[in-house]
Amino acid sequence: MSRANLQAKLPVMITAVVFLALYLGAGLHFDNFLTLRVFFNQFSTNSFLGIVAVGMTFVILTGGIDLSVGSMIGCTSIMAASLMKFHHVHPLVGLGIPLLFGILIGYTQGVLVAKFSLPPFLVTLAGLFFCRGVALFISQETLNIEDEFFKKSLSEVSFHITDKATVSVPSIIFILVVAVGMFVSLRTPFGRNVFAIGGNRQSAELMGLPVRKTLIGVYTLSGFLGALGGAVFTIFTSSGNATSATGLELDAIAAAVIGGTLLSGGYGSVFGTLLGVGILGVVQTAIAFDGNLNSWWTKIVIGALLMAFMLVQKGIERAATRKVTV
């Protein structure tokens, strides 16, 4: 491996080392932490965060941001629950309509960013308020889903790995999204265009790359995955809640950055984001195992890790800049 390749992969390697250290450290400290049951439960518990974080990774790779994804989860979950509970639509239809809503919102945000050159922060902030407002308009109360098909075919379905370890539907969807995200980012022209735009948008335009089309596609993808995260949240909880996932967009950004994605764009990976989600999950699970620590310690640890990884990224950027100037 050349020095340049090693430098490029260093953030992800550091993330992997931190993940293993935290996971093994928690395993040595808490009984039963290293069991397959706990491992796969983390996939299920963090499935909707992970799905949203994959979409956030693509957005950040272009140098943008999407603040609407947390509200999108709350909006699509209450929308799906309302359709099934009050309008008695089939669960697949009840989950499918919110996905179309997410695509529409993502596409609209992409058009505003790409064609009208509006700041992604402000555009998606408007999306955040809009989606949360729509969610609260639908219902301000939690709606439980009693549909038999929904329960027997989605929310209560699990596949046994061992006698005690199972894989749920949300976990499977999360794993598939990560796999497809990795393929798209590494093996398709769309993925290469995303990296090129994040590296230098003007250069990408001069090379004749479809910059506007790609940006619209990125925000549409993020909107779709935000809605899919809402569908997975609905499956995981068997309910819809308009106020759910408040602030989750910040967790998604943190997972991407901890996973080695640069906020300035142009560098990162879906696999690194998976590791970032894994780190957040390990911290959250370890605090739950302890039982004596307040849940806010999760935010404190995540904040410290985020600051540390940003310093690491800055150091790598300076080293690369120094090498170029020399």
With respect to Val113, determine if the residue is out of contact with any Lys or Arg (no Cβ under 6 Å at 6 or more places or on another chain), under 22 Å from Ser244 (Cβ atoms) and surrounded by 13 or more Cβ atoms within 10 Å (Cβ to Cβ). no
How many residues are in contact with a strand residue (DSSP E or B) (Cβ under 8 Å, 6 or more places away or on another chain) and polar (S, T, N, Q) when one looks only at the stretch 240-286? 1
Looking only at residues in the stretch 253-268 that are surrounded by fewer than 24 Cβ atoms within 10 Å (Cβ to Cβ) and of a type in the set (Gly, Ala, Ser), which one is modelled with the lowest pLDDT? Ser264
Pairs needed: first member in the stretch 244-263, touching a residue at least 40 places away in the same chain (Cβ under 8 Å) and under 23 Å from Gly199 (Cβ atoms); second member anywhere, in a loop (DSSP other than H, G, I, E, B) and among the charged types (D, E, K, R); C-beta distance under 9 Å; at least 6 residues apart or different chains. Ala252/Asp66; Ile253/Asp66
Within the stretch 112-125, residues assigned to a helix (DSSP H, G or I) and either out of contact with any Leu (no Cβ under 9 Å at 6 or more places or on another chain) or free of Cβ contacts under 8 Å to residues at least 24 places away in the same chain (or both) come out as Leu112, Leu122, Val123
Filter result (free of Cβ contacts under 8 Å to residues at least 60 places away in the same chain and hydrophobic (A, V, I, L, M, F, W, C)) within the stretch 284-301: Ile287, Ala288, Leu293, Trp296, Trp297, Ile300, Val301
Of (1) part of a helix (DSSP H, G or I); (2) β-branched (Val, Ile, Thr); (3) more than 24 Å from Gly74 (Cβ to Cβ), Thr261 satisfies all except one. Which? (1)
Residues of the stretch 127-140 being in contact (Cβ under 8 Å) with a residue 24 or more places away in the chain and either closer than 29 Å to Gln202 by Cα or of a type outside the set (S, T, N, Q) (or both), in sequence order, are Gly127, Leu128, Phe129, Phe130, Cys131, Arg132, Val134, Ala135, Leu136, Ile138
Checking Met310 against (1) touching a residue at least 12 places away in the same chain (Cβ under 8 Å); (2) buried (at least 16 other Cβ atoms within 10 Å of the Cβ): exactly one of these is not met. Which one? (2)
The stretch 52-108, residues that are under 16 Å from Arg132 (Cβ atoms) and among the aromatic types (Phe, Trp, Tyr): Phe101
Quick check on my filter: what residues within the stretch 289-298 are in contact with a helix residue (DSSP H, G or I) (Cβ under 9 Å, 6 or more places away or on another chain), in a helix (DSSP H, G or I) and either at pLDDT below 80 or under 19 Å from Gly276 (Cα atoms) (or both)? Trp297, Thr298
Within the stretch 68-86, considering residues that are in contact with a Phe, Trp or Tyr (Cβ under 7 Å, 6 or more places away or on another chain) and of a type outside the set (Ser, Thr, Tyr), the one nearest to Ile51 (Cα to Cα): Ile73
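The values are calculated or read from the model by the stated rules, or taken from the named source; none is laboratory data. Since the model is a prediction, treat every value here as computed from it, not as a measurement. Every residue, glycine as well, gets a Cβ built from its backbone with ideal geometry; the counts of neighbours run over all protein chains shown.
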